[in-house]
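Heads up, the thing below is written out as structure tokens.
Just so it is clear, none of the values below were taken in a lab; they were calculated from the coordinates. These figures come from a predicted structure and were not determined experimentally. Here the Cβ positions follow ideal geometry from the backbone for every residue, glycine too, while neighbour counts run over all protein chains shown.
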Amino acid sequence: MNFKKYFLIYFIILSLIAFQFFVKIPSIIYAFILLSFLYLLYIWGFKFLPKYYYVINILFIFAIIFNFIKFGNKDFLLLSIIILQLIILIFAKQIWQKYREKHTFTFSANVLKDMIERNFNLEKKLYQIQQENLELEKQKIFINRIYSEAKLINQSIKLYEILEICKNILEDIIKLPNFVLLIKEKNGSFSFYIKQNITEKMEEYLNYFISNKKYENLFNLSSYASISLSDEIEFKKRFNETDLRNLNIFPLVMKDKVIGSILSFGYLSKLIEKSTIEIISEIASPIIAMGINKALLHKEMEDLSRRDGLTKLYLHRVFQEKILEEFARAKRYKTTFSLIMIDIDHFKNFNDNYGHLIGDTVLATIANIIKENIEEPSFAARYGGEEFAIVCPNLKLDEAFELAEKIRKKVENEKIKIEDNFVNVTISAGVAQFSEGMISKDEIIKLADDALYKAKNSGRNRTIKAE
């Protein structure tokens with residue numbers, strides 16, 4: 001292959017010399033032909049024969065000089081121009097090559113630097129994407145676990161079961177450091193249903209915020225809200241607290257109605273992450289709200305079936321169930337409770353004189369007075385006929401006696417309208433307290449009942465404590 005290339009070069013050179021010998025053409029035209037051939041040779045030789053490039057050019061110079069001497073061409077100026085151009089082309093190529101190598105190196109170094117920087121940026125972006133994917137995977141795991149718990153919520157209608165599942169979602173899955181779950185009562189107030197890692201001090205703070213008119217709107221918002229404790233001068237002054245940073249409020253909303261809230265404190269050292277707030281707000285809260293709302297509706301319907309239609313107090317059978325639960329709790333946890341038994345004085349004569357419709361009005365009126373003057377966890381029941389019973393958890397005998405007296409005086413001062421007249425009704429009450437020596441609930445019922453009859457036999461319209 002190389003032999004053919006060399007042969008072609010020499011053939012072209014000899015052809016040019018022969019052409020000048022046989023055909024006399026002007027030296028200027030001949031010089032132009034030689035220079036054109038030189039440029040073509042430069043391009044071809046540099047591309048295909050880089051190692052022999054200089055040899056080819058030198059041979060070409062000798063051929064031109066031989067041509068001028070042999071054929072007596074005395075145009076030395078033209079000869080000098082041609083040779084000078086040949087030399088310039090030879091050395092220009094050398095200079096250009098060195099220049100290009102130098103700049104190619106600089107260019108290569110810059111390119112390499114850019115490539116390294118781009119690679120570093122790509123690696124950085126890749127790491128960020130991997131971290132984002134990892135975070136998305138974590139959130140996916142959270143969401144899948146929450147939806148697994150949601151299935152359990154859908155399968156249950158009992159409030160205590162649903163509350164236990166809600167606690168598991170917030171504590172074990174989302175891992176909130178502390179939280180309370182509040183449910184809104186019918187009167188608009190909030191009651192604590194779940195407390196996790198809430199100290200007495202925290203509970204005091206929560207009661208302060210819930211009862212403060214300044215924050216009333218925050219607890220009725222349908223979207224996430226936060227109270228900044230670091231900006232609350234009144235809060236700091238009152239509680240002298242510096243570690244708590246904010247109070248996060250996650251409303252439980254059902255059909256644009258707030259049925260409760262999840263509250264959680266953030267510390268200066270550890271705030272709740274934004275992703276956690278989004279998961280609670282967008283996924284956990286709606287699921288919990290749905291479950292609690294379902295349980296409350298079921299409880300309300302169940303509660304209606306367990307209450308007396310006239311007085312709206314618990315039926316006698318429900319009273320027996322509840323006092324049994326309270327008795328067992330007091331025995332197990334070494335606590336106490338009291339029982340109040342109430343009877344309307346001369347109710348039979350009242351019915352005989354005014355009729356049963358008026359008698360029903362009296363029963364409903366006294367039942368309303370009882371409901372208005374007791375607070376949860378105390379509960380009242382229609383024991384039978386004109387008798388009522390009130391179970392008072394955690395109240396001692398003297399405290400229950402004061403409650404019974406309060407109700408008795410309210411009934412005594414109540415005016416009941418009968419046609420165009422107003423009449424007064426009185427009640428008698430007996431109060432008894434649980435003691436550890438009791439074997440069954442019937443003992444405390446008997447003590448309270450005996451005290452009631454003692455009050456009736458002593459002149460009525462009075463309250464007597466069991467001995």
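A compact table of results
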{"item": "K331 paired with K417, simple spin-label distance in nm, labels 7 Å along Cα-to-beta-carbon", "result": "5.0 nm"}
{"item": "When each of K255/K312; K299/K441; K213/K274; K125/K270; K257/K322; K334/K441 is checked by Cα-Cα distance, pairs over 22 Å", "result": "K255/K312; K299/K441; K213/K274; K125/K270; K257/K322"}
{"item": "FRET efficiency, S230 to L136 (Cβ-Cβ, R0 41 Å, nearest 0.05)", "result": "0.80"}
{"item": "In Å, descending, principal axis extents of the Cα set of the range 316-465", "result": "54, 28, 22"}
{"item": "The range 236-290: trypsin sites (Lys or Arg not before Pro) in DSSP loop, at most 12 other beta carbons within 10 Å", "result": "K255, K270"}
{"item": "All-pairs Cα distance distribution in the range 156-305, expressed in whole percent, bin size 5 Å", "result": "2, 9, 20, 23, 20, 14, 7, 3, 1, 0, 0"}
{"item": "Rule-of-thumb Rg ratio for the range 178-238 [Cα; 2.2 N^0.38 Å; N residues]", "result": "1.15"}
